[in-house]
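The values are calculated or read from the model by the stated rules, or taken from the named source; none is laboratory data. Quantities reported herein were computed from a predicted structural model and do not represent experimental measurements. Glycine also receives a Cβ, built like all others from the backbone with ideal geometry; neighbour counts cover every protein chain displayed.
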Amino acid sequence: MDSKKLWRIGIGLLALALAAGLLYVLRNALVPVSVAVFLAYLLDPVIDRLEARKIPRSAAIFILAGVLFVVAGVVGGFLAVQAQREMVALYHDLPKYLETAQGSLGPKAKEYLGIELPATLQQAIAEAKAQLANIDPAALKPVSNLVGKITRSTLAFVSWILGLVIIPVFLFYFLRDWDRLKYDVLEYVPLSHRDYVSSKARQIDEILGAFIRGQLTICVILGVLYSAGLMLTGIDLAVVIGFSAGILFIVPYLGTILGIIAASIMALLKFGISWQLIGVWAAFGVAQLLEGTLITPRVMGDRVGLSPVIVIFALLVGADLLGILGMLIAVPCAAVIKVFVREGLDKYRASSFFQEKDSPEKDSPEKDQAGPA
């Protein structure tokens, strides 16, 4: 390898290290920008379709914003009203929940765990106060430090609110200039590598789009299915649990697991061990069966996205390294890594090292002439 190529590799690695360091230092300030870029990536295909109908791009952005505002208002209003009704029903049913728990779970808890469940709501509140009074103040020191840090950091809170307000501004400019930004970035790529970079960018977009747009669609469908199934069982907080489980499915299977746990607890508290508990499991089981056999194949098609294991691992690593910003960029980084790992594996399989076979050992004349031992 000549010295010129070594210099290029060294400069490239140094640039990557500087970019990573800058990303870490500015991780909090870059969260609004990252959210705006993420939303612009999701909404750009819709803007392109409106622009293809001879609608100016800026006008298309405002039209889409109006439609999303109306849809969010209608859906959010329905969910808010339904959640308020379910919370009121939950409040009125709390005494019944305690009676059910005392009657069905109380003897078993006392027999196997040595725990005596409270018989009334007042008794439960009194026991909770007693437990809180007996807690060592030293055990609450980390919590108090966190609360104090939050309350003292007024500037950080104001910055967080400002970030939320400024996201729509960033989003408008990113959507308006999205196509131009892509071409501007490509203009800085050397001509000898431009075709290669364009090809890899298309592959990354295919993987990333297959996951993000497809996964969001699946989340909405699953939220509806979960809510409908749980409402049939008659448990409280059916819509809240169902849609929360659907939204959390953006991290594969996280919403399903948490939804089953929450809905099972509600079924046990309201009905005890009965068919409603089986109904809860059946609601999630049928929804997952439809997701695996019908919804995901129809939504994803033949596109190859990211496997659930890769997504979960990437989110954990991103959250550990950069917090919220790391979680936002974890999936795109995973898509980039997958493209180059796949290319490396293809080159490895096509290499002579992989395809080379050991030549069959030829029998020597001396071996042929040798007699049996």
Got at least one residue in region 269-279 being loosely packed, with under 14 Cβ neighbours inside 10 Å and either modelled with pLDDT of 85 or more or assigned to a helix (DSSP H, G or I) (or both)?
yes
In this structure, does residue 55 turn out to be at pLDDT 80 or above, surrounded by 10 or more Cβ atoms within 10 Å (Cβ to Cβ) and not in a helix (DSSP H, G or I)?
yes
For region 17-37, what are the residues that are in a helix (DSSP H, G or I), crowded, with 17+ Cβ neighbours inside 10 Å and not β-branched (Val, Ile, Thr)?
32, 34, 36
Looking only at residues in region 58-94 that are aromatic (Phe, Trp, Tyr) and modelled with pLDDT of 85 or more, which one is nearest to residue 173 (Cα to Cα)?
62
Test for residue 312: is it modelled with pLDDT of 85 or more and either among the acidic types (Asp, Glu) or assigned to a helix (DSSP H, G or I) (or both)
no
